[in-house]
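Read-outs: derived from the displayed coordinates by stated rules, not from any lab. The shown structure was predicted, so the numbers you read here are calculated from the model rather than taken from an experiment. For neighbour counting, all protein chains shown are included, and Cβ atoms are generated from backbone atoms with ideal geometry for every residue, glycine included.
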Amino acid sequence: MSLTPIPFYILCGSLGAGKTTLLMRLLEHWKAQGHRTGVLMNEAGSVSIDGPRAGTLAEQVMNLAGGCVCCDTKEDLSWGVAQLVRDYASDVLILECSGLADPAEVVDAVTDAYTARLATLERVIALLHPITTEESHSSAYVTTQAIRCADELILNKRDLYVPGHWEGFRAGILEQNPYARLWETSHARLNVADLLSPHSSTRPATPTNVHFSKSHKAHQRMTY
């Protein structure tokens, strides 16, 4: 077991945005790099649907049933992290949140004193797409939290929307979080190495206009 906390990634976002597709791309990348990846699946049902797929590329997959991360589930998360690190010698961890899990609660669980000794939160990756149907209040809240917590904002399914609709969707996202790195793509297709690369996200004391340029200031935009 590593004595140094290993990197922990949170993958969250709106329902149907393509999180599992992106998860598989991340797992393929880490496997090619020789990593022993541990996956925590936070699915709503008692039986994992995506877990078997992830298990083809990950060292070990654990399911946190229930869909949310709160109360007892936080203890399950800490226990899962400990087991993946100590028993399976994972050297990178990723949690795929369900559409019911509040990412802020997940961040709180991952950064508690016990879990932080084993894993350090590397970044929060939020995958989003324009919603054409009315969301439930709880689902809309979770999506908003994902946007606010994200270090990486991936706007997916660009190919399905007309330019005017897409521009409005993007502008609404940037109003809520102008400091994360922004990606625009379809089918969750992007350069994973670039996604995982370090970047600065200094938040100014006073909000400023968002800049779209190659020299990353308040926000960097990647289009695929």
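Counting other C-beta atoms within 10 Å, which of TRP79, TRP183 has the fewest, and how do the rest follow? Don't skip to the end; give the middle numbers.
Working: TRP79 14, TRP183 22.
Sorted ascending by nearby Cβ count, the order is TRP79, TRP183.
Run the simple label-point estimate for TYR141 and THR111 please: 7 Å along Cα→C-beta, distance reported in nm.
Placing both labels 7 Å along Cα→Cβ, they lie 2.1 nm apart.
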